[in-house]
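Chemist: Before I ask anything, let me first share the structure, which is written out below as structure tokens.
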Amino acid sequence: MAELVDLARAVAAEAAPGEEVEAFASRGRETSVRAFEGEVESLSSAESAGIGVRVVKDGRMGFAFAGALDEASAREALAEARDNAGYASEDPHAGLTGPDGVEAAGLDLWRESLAASSPEDKIALALELDRRTRAADRRIRQVVSADYSDALRESAVVTSKGIEAATRRTTCSLSVSAVAGEGEQTQTGYGYSVGRELADLDVGRAAGDAAERSTRMLGARKPLSQRLPVVLDRRVTATLLSIVAGTLSGEEVAKGRSLFAGRVGEEVAVGNLSLVDDPTDPAALGATPFDAEGLACRRNRLIEGGKLLGYLYDTHAGRVAGTPSTASAVRGGYRTTPGVGARAVLVEPGDLDAEEVMAVVGLGLFVQSVSGVHSGVNPVSGDFSVGAEGLMIRDGALAEPVREIAIASTLQRMLQHVLAIGSDLEWLPGSAAGLTLAIDDVSMSGS
Amino acid sequence: MVQSETTLVEPDVLRRVLSEALKRGGDFAEAFVEDRSATGITLDDRRVEELSSGREKGAGIRVVVGETTGFAHTADLSERGLLAAAEAAAAVARQRGGRAREVALTATPAAPSDVSVLPGSVAKARKVELLRQADDAARSASGAIVQVSAGYGDSRRRIQVANSDGLLTGDDQVRTRFRVSCVAAGDAGMQTGSESLGRTIGFELFERASVEEVAAEAARRALTKLSARPAPSGVVPVVIRRGSGGVLIHEACGHGLEADHIVKDSSVYTGRLGELVASPLVTLVDDGSFGDEWGRLAIDDEGRPGRRNVLIDKGVLTDYMWDELRARKAGRPSSGNGRRESYQHLPMVRMTNTFLTAGEDDPDDIVASTPHGVFVAHLGGGQVNTATGDFLFGTTEAYLIENGRITEPLRDANLIGNGPDVLARIDAVGNDFDMGGPGTCGKDGQSVPVGCGQPTLRVTGITFGGTAGG
């Protein structure tokens, strides 16, 4: 990491009088293995690195990047960012942050064991995942792909205003997609396991989930359209929470593009719902000690007891709103500028397990998975309409499978109609934790 | 016309790299070299927020040994860097103990699309000015337009491909795009509207199309929905306007006809060649050589020429889409559908410009002969499960059809259906073909530019995922 910090420091030190410069340098090493029908279908190993440079002068910001870490590329990116800044509009809120005094959480997200593990061990895991998924149920007709992948990532951000932050982390995952068949019908199921080192990975669970989720959908039919309560699987809840957290971006709020704009202090959800974004929780896969602008991440309460407390901010959005950054700057890598985003969102768990949540509902729909989230959820109007598959809940227990349906409501209504919150919290890939969640009065479109 | 230059690495170096890749044996080796530069400018909340530019160069090397592909990439285009990547990719051949092979390369020139004005030669101030024009045009549409964002983007992607069959070729792909998104505020809340424009050409795009019109269309779409009522819930007949619903075709059958899904038996279209899989009114084509559409390419990312492939002919399934690897195993040529996001990715089967050809019906008659249903004027994204055929896509502008007339606007919703079932239910196809806007298709974590198109068409019944009782 020292090399990244040195390079970023050298670029930031080039700041001319009246100019602010930020350099973000990152490097990643990735391995992925795909198994198919007992063979290795592909083995990829990759190293990528690059630098992104922001320059702010006279209230104007410019950005440029290069997919390399040599000094010449970094200097070229700096010159290009300077030039680009000249074309931006003047913005009284533009500018980089200096240190804000908040101490970084001592998170250890790097596992040397993963860095040291051999390709052979990774290949063995992918092959075992393929084999165990095939063997899990006689109705598994195909395992389309059994994947192992990992990433070792290091990054450093240094600014001419005194920020100097470096982070590194390891992640690895197994994922498998199974096709189950019986008679004419085909159904699919996806299973995964994630962690920071190989020992965290649970092949049996990934294989078992894929098998269970595909086989239990066999015989699914299209139900009649009706309004009913739905129980969201943990994965679906995590998807929903990521969307809700996106609407709480201070940047979108300031630009009038959030359904929660101007609603701080209002009851936006049922009274027992509390929502938090906490990247300092080491169990969260999105955990990190520093945000993308180099400020220490912190626990941000967003909704408490149903009441909206506030929004997430990076430096710019905070200045627009007249409030400090909540250290919620995220960036997609060295190719993009930072923006506001959540990293580790969770709903405070309730005290019912998944079975008890279904018992509360009695008659309803258990939603195993949703699709079309990017085309069917509008964070401005709140309109929510997604494809779904799952099982009916009858007499408080899972009953027959249903497919080719859509569920619809609005985000506003859904938060107000939460019936029960599960106790089964689990951190999932992405930026949110899942738990079983029941929501009343949702339209199910079928035949 | 602009002179293109696609020699990124000297052919002699590539020849030695391929020989290194096959040093321990192997059935196939390939080097893919890429030099990409891009500029993006965004205007939001009345301000030019960001002007970003960047350049990335690198090469991806793959080695195929039996059923296994080894892949490695590097940003170091020196001979040393390329040889190191070749050795890493060849690691999969380690245990097999095959024999080394020498490679000879024969250059095959490709024909990049005509570009008259390279975006890199245009002053940044001119690009910024386009955004301001769009902002003004959108805001002048109505006082109810409360927010506007607009984006300009251009990219130049030069690629060079060499493989152990002796192929050596290259392409110079220039794309330019523009988009506008608006938020309108009314008594019943806020609504959004967007519109985009994109072609595989240079800055001359803006001589052919007006950014003001793009902005006005985005604003109109948001304003229209201010008075929208909830979309229906349940199965309804749907008329889809020309050039708006290509994404339906892309999801309902495009992905399911990609050979990687076929050979893994994870598509509902597996084993159905020669069978009727759609209404006889349906002829489906994927065409990488189509004009200057968004998915246009002179060669794919495996060096094979983009070309016109008829996939469904009058309802009968005639072919799938193929990349090099799957075609090789099937003992047939690639169809020019091997694509990758960048040198950091392995190629796979991807669509280019996918469209349904024109039929014979008058589009007005299609609406007039629909007593009750929904008219979809603009679609958003979609998604499909190829194994089950279940797919969906979102509407961003739709209206009720009552007594054969287009009436009230509807709020956004997703439509859900099953591919073969929906294709069989197409009972009217208009004579008014058009391509839609620039699309981005995501598959297995890789995004590539694609085009979609279709004439006005009617599906006799598809499930609308709204909230209003049937």
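The values are calculated or read from the model by the stated rules, or taken from the named source; none is laboratory data. All figures in this text were calculated on a predicted structure; none of them were measured in a lab. Here the Cβ positions follow ideal geometry from the backbone for every residue, glycine too, while neighbour counts run over all protein chains shown.
Chemist: Can you tell which of B:F32, B:F71 is at the interface with chain A (Cβ under 7 Å from one of its Cβ atoms), under 17 Å from B:R339 (Cα atoms), touching a residue at least 24 places away in the same chain (Cβ under 8 Å) and not basic (K, R)?
Modeler: Of B:F32, B:F71, the one residue that is at the interface with chain A (Cβ under 7 Å from one of its Cβ atoms), under 17 Å from B:R339 (Cα atoms), touching a residue at least 24 places away in the same chain (Cβ under 8 Å) and not basic (K, R) is B:F71.
Chemist: Need the failing condition index for A:D100 against (1) at the interface with chain B (Cβ under 9 Å from one of its Cβ atoms); (2) within 28 Å of the chain's Cα centre (by Cα), just the number.
Modeler: Answer for A:D100: the failing condition is (1).
Chemist: Of everything in the stretch B:1-46, what is acidic (D, E) and within 27 Å of the chain's Cα centre (by Cα)? Give them in sequence order.
Modeler: Listed by number, the residues that qualify are B:E5, B:E30, B:E34, B:D35, B:D44.
Chemist: Restricting the stretch B:395-422 to residues that are of a type in the set (S, T, Y) and farther than 30 Å from B:R272 by Cβ, which is surrounded by the fewest Cβ atoms within 10 Å (Cβ to Cβ)?
Modeler: Among residues in the stretch B:395-422 that are of a type in the set (S, T, Y) and farther than 30 Å from B:R272 by Cβ, the one surrounded by the fewest Cβ atoms within 10 Å (Cβ to Cβ) is B:T407.
Chemist: Another question about this same structure. B:S113 - would you say it is more than 14 Å from every other protein chain (Cβ to nearest Cβ) and in contact with a helix residue (DSSP H, G or I) (Cβ under 7 Å, 6 or more places away or on another chain)?
Modeler: In short, no.
Chemist: How do the pairs read when you match residues in the stretch B:139-154 that are under 28 Å from B:R175 (Cβ atoms) with residues anywhere that are assigned to a loop (DSSP other than H, G, I, E, B) and among the hydrophobic types (A, V, I, L, M, F, W, C), using Cβ under 8 Å and keeping only pairs 6 or more apart or on different chains?
Modeler: Cβ pairs passing all conditions: B:D154/B:F203.
Chemist: Continuing with this model, one more query. Enumerate the pairs (first residue in the stretch A:84-95 and facing another protein chain (nearest Cβ under 7 Å); second residue anywhere and in a loop (DSSP other than H, G, I, E, B)) with beta-carbon separation below 9 Å, excluding pairs fewer than 6 apart on the same chain, so at least 6 apart or on different chains.
Modeler: Pairs found: A:A88/A:G59; A:A88/A:A94; A:S89/A:G59; A:S89/B:R46; A:D91/A:G59.
Chemist: Does the stretch B:47-55 include one or more residues that are farther than 21 Å from B:V448 by Cβ, more than 9 Å from chain A (Cβ to nearest Cβ) and more than 28 Å from the chain's Cα centre (by Cα)?
Modeler: no
Chemist: While we're here: Would a scan of the stretch A:415-432 turn up a residue that is touching a residue at least 12 places away in the same chain (Cβ under 8 Å), facing chain B (nearest Cβ under 9 Å) and either surrounded by 20 or more Cβ atoms within 10 Å (Cβ to Cβ) or among the charged types (D, E, K, R) (or both)?
Modeler: No, the conditions are met nowhere in the stretch A:415-432.
Chemist: Here's a follow-up. Taking the criterion of being farther than 25 Å from B:M348 by Cα and not in a loop (DSSP other than H, G, I, E, B), would at least one residue in the stretch B:57-66 satisfy it?
Modeler: No, the stretch B:57-66 has no match at all.
Chemist: Mind checking which residues of the stretch B:270-295 are of a type outside the set (A, V, I, L, M) and not in a loop (DSSP other than H, G, I, E, B)?
Modeler: Within the stretch B:270-295, B:D286, B:D287 qualify.
Chemist: Looking only at the stretch B:313-324, filter to residues that are surrounded by 24 or more Cβ atoms within 10 Å (Cβ to Cβ) and out of contact with any Pro (no Cβ under 8 Å at 6 or more places or on another chain); which one of those is farthest from B:K57 (Cα to Cα)?
Modeler: Out of the qualifying residues, it is B:Y320.
Chemist: Given the criteria assigned by TED's automatic domain parsing to the domain that holds A:T167, crowded, with 22+ Cβ neighbours inside 10 Å and among the aromatic types (F, W, Y), does A:F36 qualify?
Modeler: Spelling it out, it is not the case that A:F36 is assigned by TED's automatic domain parsing to the domain that holds A:T167, crowded, with 22+ Cβ neighbours inside 10 Å and among the aromatic types (F, W, Y).
Chemist: Run A:G189 past the list (1) touching a residue at least 60 places away in the same chain (Cβ under 8 Å); (2) assigned to a strand (DSSP E or B) and report the number of the one that doesn't hold.
Modeler: Condition (1) is where A:G189 drops out.
Chemist: Report yes if some residue within the stretch A:231-246 is of a type in the set (A, V, I, L, M), in contact (Cβ under 8 Å) with a residue 12 or more places away in the chain and touching a helix residue (DSSP H, G or I) at 6+ places or on another chain (Cβ under 6 Å); otherwise report no.
Modeler: yes
Chemist: For B:G202, indicate whether it is farther than 30 Å from B:A123 by Cβ and surrounded by 21 or more Cβ atoms within 10 Å (Cβ to Cβ).
Modeler: Here the answer is no, as B:G202 does not meet what is asked.
Chemist: Okay, next question. Here are A:G204, A:G262: which of them is surrounded by fewer than 24 Cβ atoms within 10 Å (Cβ to Cβ) and in the same structural domain as A:D424 (by TED's automatic domain parsing)?
Modeler: A:G262
Chemist: Another question about this same structure. Quick one: would you say A:A210 is not assigned by TED's automatic domain parsing to the domain that holds A:E404 and not polar (S, T, N, Q)?
Modeler: yes
Chemist: Taking B:T395 as the residue in question, decide whether it is in a strand (DSSP E or B) and within 14 Å of chain A (Cβ to nearest Cβ).
Modeler: Considered against the rule, which asks whether it is in a strand (DSSP E or B) and within 14 Å of chain A (Cβ to nearest Cβ), B:T395 comes out as yes.
Chemist: Ok, one more. Taking the stretch B:372-392 as the search range and keeping residues that are away from chain A (no Cβ under 14 Å) and of a type in the set (G, A, S), which one is surrounded by the most Cβ atoms within 10 Å (Cβ to Cβ)?
Modeler: Per the stated criteria, the residue is B:G373.
Chemist: Let me ask another. Report, ordered by the first and then the second residue, all pairs with beta carbons closer than 7 Å, sequence separation of six or more or different chains, a first member in the stretch B:325-336 that is under 18 Å from B:T68 (Cβ atoms), and a second member that is modelled with pLDDT under 95 and of a type in the set (G, A, S).
Modeler: Listed by first residue and then by second, the contacts come to nothing, as the list is empty.
Chemist: Residues in the stretch A:242-274 that are assigned to a helix (DSSP H, G or I) and of a type in the set (D, E): how many?
Modeler: 2
Chemist: Give the residue, chosen from A:S385, A:S369, A:S381, that is facing chain B (nearest Cβ under 9 Å), among the small types (G, A, S) and touching a residue at least 60 places away in the same chain (Cβ under 8 Å).
Modeler: A:S381
Chemist: Related question: Being within 24 Å of B:V146 (Cα to Cα) and surrounded by fewer than 23 Cβ atoms within 10 Å (Cβ to Cβ) is the filter here; which residues of the stretch A:382-412 pass it?
Modeler: Selection gives A:G382, A:T410, A:L411, A:Q412.
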